[in-house]
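Below is one structure, written out as structure tokens, with a few remarks after it.
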Amino acid sequence: MAPHGEGSDASVEAMVAQVEKHPISSILIIIAMQTEALPVVNKFQLIENPHSSFPKGVPWIHYHGAYKDIIINLVWPGKDLTFGVDSVGTISASLVTYASIQALQPDLIINAGTAGGFKEKGAAIGDVCLVSHVAFHDRRIPIPVFDLYGVGLRQTYSTPNLLKALNLKTGKLSTGDSLDMSPHDEASIAANDATVKDMEGAAVAYVAELLKVPAIFVKAVTDIVDGEKPTAEEFLQNLAAVTATLEEVVTQVIDFISGKCLPEL
């Protein structure tokens, strides 16, 4: 089998068709922050891989294990080598997603994490959203067609049965590299019709589409962007409780996926 992203279009299509006929056996979970990742790592008793195939010197952390009939790989970008904080944002997310797909050959990607929510769209603290579409809100290129490329609107892999079974909220996700929201960002987010905003999702979606791997996005709301409290303050205040909720929903998602083929989701 050719690695994801290599070979002819026909071979890629054949590979995808083959995966769709068999139960999902390998999941890649991409999570941006250690605080978000560890509850999932502990829940599934994943083990850190000290000999990952990632390039030497990168801070990326790979955990792996088996749950029911599924191999679970979880990757988070680790701590920035200069500043010692979580390597959040679209650049790290893109690099980690690309390297992880190449190394681990997953059947499905789950990008799980926290997000800001918009009360105007009905979001509340602790809500978990199964994302229907992703787009960028800070790639403004006011030239015909380049403007559409900058927004990068993509539909996520459709999972109507999963959505119904777990009774999750659904909505669109807007991604940018800032925690706060400038007036320009606010206008773009409104144009994207976003219910939630994060700093990684659309980047993960871009790489997943490029390498022909289906991806779903599970986002838990830590702060209300159009609320009264400062975003950073509310985010930190709710982070621990919301990541516990995120772990519960990720577990439910994986339980639902177990034994199913992609079209059954």
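The values are calculated or read from the model by the stated rules, or taken from the named source; none is laboratory data. None of the values given here were measured: they were computed from a predicted structure. Cβ coordinates were reconstructed from backbone atoms using ideal geometry, including for glycine residues, and neighbour counts include every protein chain displayed. Remember, those area values only see protein heavy atoms, side chains included, never the ligands or the DNA or RNA. Shrake-Rupley method; radii C 1.70, N 1.55, O 1.52, S 1.80 Å.
In the list (1) 15.0; (2) 13.5; (3) 14.2, the label attached to mean projected area of the Cα convex hull in nm² as derived from the coordinates here is (3).
Taking Lys and Arg as +1 and Asp and Glu as -1, the other residues whose beta-carbon sits under 15 Å from that of Pro160 total +2. On the beta carbon distance between Lys119 and Asp255, with R0 = 45 Å, the FRET formula returns roughly 0.90. Here the range 191-261 and the range 95-115 have alpha carbon centers that stand 14 Å from each other.
3J(HN,Hα) couplings calculated from phi for the range 238-248 with the Karplus curve 6.51 cos²θ - 1.76 cosθ + 1.60 (θ = phi - 60°) are, in sequence order, 9, 4, 4, 5, 6, 5, 5, 5, 4, 4, 4 Hz; Gly and Pro show x. What is the percent carbon and sulfur in the accessible area of the chain, measuring with a 1.4 Å probe over the protein chains and ignoring ligands? Solvent-exposed carbon and sulfur of the chain make up 57 percent of the total. Computed from phi, the 3J(HN,Hα) profile of the range 175-187 under the Karplus parametrisation 6.51, -1.76, 1.60 (θ = phi - 60°) reads 10, x, 8, 10, 6, 7, 9, 6, x, 5, 4, 4, 5 Hz, with x in place of Gly and Pro.
Each label point was placed 7 Å from the Cα along the Cα-to-Cβ direction; for Ala190 and Glu264 their separation is 4.5 nm. When all protein chains stay in place and ligands, DNA and RNA are ignored, the 1.4 Å accessible-area order of Ser53, Ser174, largest first, is Ser53, Ser174. Summing -39500 (n - 2.57) over the DSSP H runs of n ≥ 4 in the chain and dividing by its residue number, what mean residue ellipticity at 222 nm do you reach, to the nearest 500 deg cm²/dmol? Taken over the chain, the calculation gives -11000 deg cm²/dmol. Rounded to the nearest Hz, the phi-derived 3J(HN,Hα) couplings of the range 197-205 under the Karplus curve 6.51 cos²θ - 1.76 cosθ + 1.60 (θ = phi - 60°) are 10, 9, 10, 9, x, 5, 5, 4, 4, where x marks glycine and proline. The GluC sites (Glu not before Pro) found in the range 220-260 that occupy coil by DSSP, while having at most 10 further C-beta atoms within 10 Å, are Glu228. For Ala123, nonlocal amide neighbours, meaning residues 5 or more places apart or on other chains whose placed amide H falls under 5 Å from its own, are Phe118.
The stretch between Ser178 and Leu210 holds 9.1 nm of extra length on full extension. This uses 0.36 nm per residue minus the Cα-Cα distance. Relative to the current alpha-carbon distance between Ile143 and Ala240, full extension at 0.36 nm per residue lengthens the span by 30.7 nm. Once the C-beta distance of Tyr67 and Asn161 is scaled by a Förster radius of 25 Å, the resulting FRET efficiency is 0.80 to the nearest 0.05.
For the range 67-99, the list of chymotrypsin sites (Phe, Trp or Tyr not before Pro) that fall in a loop by DSSP and count at most 11 other C-beta atoms within 10 angstrom reads Phe83. The longest stretch of the chain left intact once loop-based trypsin sites (Lys or Arg not before Pro) with at most 11 other Cβ atoms within 10 Å are removed from consideration, loops following DSSP, is 69-265. Label-to-label distance for Phe83 and Ser53 is 3.2 nm, based on points extended 7 Å past Cα in the beta-carbon direction.
Close amide H partners of Asp80, meaning residues 5 or more places away or on another chain with modelled amide H under 5 Å apart, are Val85, Asp86, Ser87.
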